[in-house]
1. Kindly indicate which of Gly26, Gly44, Gly87 is at positive phi and in contact with an Asp or Glu (Cβ under 9 Å, 6 or more places away or on another chain).
2. From the list Thr150, Thr145, which one is in contact (Cβ under 8 Å) with a residue 60 or more places away in the chain and β-branched (Val, Ile, Thr)?
3. How do the pairs read when you match residues in segment 114-138 that are without any contact (Cβ under 8 Å) to a residue 40 or more places away in the chain and among the small types (Gly, Ala, Ser) with residues anywhere that are surrounded by 14 or more Cβ atoms within 10 Å (Cβ to Cβ) and part of a loop (DSSP other than H, G, I, E, B), using Cβ under 6 Å and keeping only pairs 6 or more apart or on different chains?
4. If I go through segment 103-141 residue by residue, how many of them are surrounded by 16 or more Cβ atoms within 10 Å (Cβ to Cβ) and farther than 18 Å from Leu175 by Cβ?
5. Determine which single condition Ala209 fails, assuming it passes every other condition in (1) outside any loop (DSSP other than H, G, I, E, B); (2) closer than 26 Å to Thr92 by Cβ; (3) touching a residue at least 40 places away in the same chain (Cβ under 8 Å); (4) not β-branched (Val, Ile, Thr).
6. Working carefully through the options Tyr86, Tyr42, Tyr32, Tyr27, find the one that is among the hydroxyl-bearing types (Ser, Thr, Tyr), under 29 Å from Asp224 (Cβ atoms) and more than 14 Å from the ligand (Cβ to nearest atom).
7. Are any residues in segment 36-50 within 15 Å of Ser79 (Cβ to Cβ) and in a helix (DSSP H, G or I), and if so, which ones?
8. Just to check your reading of the model, which residue among Gln84, Gln59, Gln43 is of a type in the set (S, T, N, Q) and within 18 Å of the chain's Cα centre (by Cα)?
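The values are calculated or read from the model by the stated rules, or taken from the named source; none is laboratory data. This is a predicted model, so every value here is computed, not measured. Because the Cβ atoms are built from the backbone with ideal geometry, glycine has one as well, and the counts that use them run over all protein chains shown.
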Amino acid sequence: MFTPVPPLRIGSFEPASPLLLAPIAGYCDLAYRLVVRSVPGYQGHATLGLACTDLLCPQALLRETDKSLWLAATCPEDSPVCMQLYGRHPDTLAQAALWAVEHGATTVDLNMGCPVDKVTKKNGGSKLLTEPCLAIEIVQTLARTLRPHTVPLTVKIRLGWDENSLVSSDLVPKLADSGISALIVHGRTTVQKFRGEVSHSGILRVVEAVKRHHPEVAVIGNGDVKSPYDARLMIDKTGCDGVMIGREALRRPWIFREANFYMSTGTLPPPLTRRARAQLVLDHFENVVRLRDERVALNTIRSRMSWYSAHIQPWPTLRRDVQKLRSANEFRDFWAAGVERYIEPEPVSAA
Ligand SMILES: Cc1cc2nc3c(=O)[nH]c(=O)nc-3n(C[C@H](O)[C@H](O)[C@H](O)COP(=O)(O)O)c2cc1C
């Protein structure tokens, strides 16, 4: 028998759906998050529960560099939003967390999962998994800082640095004891990067370790969720409370509409029409023009077409043709002509 997924709770925050958009550096900026949020839910069901900024460098944030201000940019329509910080200096991270609160963060996340050398060589990201004392000091400092503001703290981890140093039995219970409201777990180790399969049993062990003494701390499962079924499977196999989706949302920003409807009803909504999908691509482009400029918008749409195009097809030579466009108006004309030529009109619904 089908049972709906219970509502997710992250401390004092109750997201409208148990689905989160992952931080993906270079991709999940404000322009893109607004696209994801613009997809309407089906029959009143919510789509996305929470979206996350890319990882933010605390020092750059506090200096308010142009780049970090763009990475942290948000607006009222981009709510609720999680701001993700990385680093290894508890006091600087605490100041950056306050900055995040003042600038609209619904939740603050500490990145303890990033495997990229640039981050781990500075001992941030998933390097913290190998330094439990420092990790706990940072988390306790952040939790203390955020508590008076009732902004929940979350931590995003991997299963461990490698197979021989999984964190479920030691670090995870300590994190759960340190004032976090949720733990987000990508079911791979750091050395795996993105290779191999996500381990549901590894995430299950994290869920068990958290829930043993802290049933109130939510666990969000993450990794390789490519469909509504995968999202449900993540919950059924691991007992986690919510699901974070990354790369598949770059291909189809409407996955949250389908997955949350499926989580609640066990059935799928009618697919978003190709016209509606194409409109989302155009909206993404226009968001970047409005929030950045024409040059950035063209670069963005050129690089994002490899993610979007599979769900817009058939549209011959789409990816190649987009590379040739030189101005916003050229893109707009190209898009309007292509939609007219290759995409069937919206069906007229009976009154
Ligand atoms: C290009 C790229 C950039 C990423 N950037 C971040 C990041 O800034 N912070 C973070 O916590 N995880 C980051 N991740 C990891 C994702 O949030 C997510 O954990 C991972 O992609 C697995 O989920 P998925 O299979 O749904 O994509 C990144 C992943 C990719 C592919």
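1. Answer to the check: Gly26.
2. Result of the check over Thr150, Thr145: Thr150.
3. From residues that are without any contact (Cβ under 8 Å) to a residue 40 or more places away in the chain and among the small types (Gly, Ala, Ser), the pairs are Gly124/Tyr86; Gly124/Gly87; Gly124/Arg88.
4. Looking only at that region, the number is 6.
5. Looking at each condition in turn, Ala209 falls short on (2).
6. Tyr42
7. Val36, Arg37, Ser38
8. Gln84
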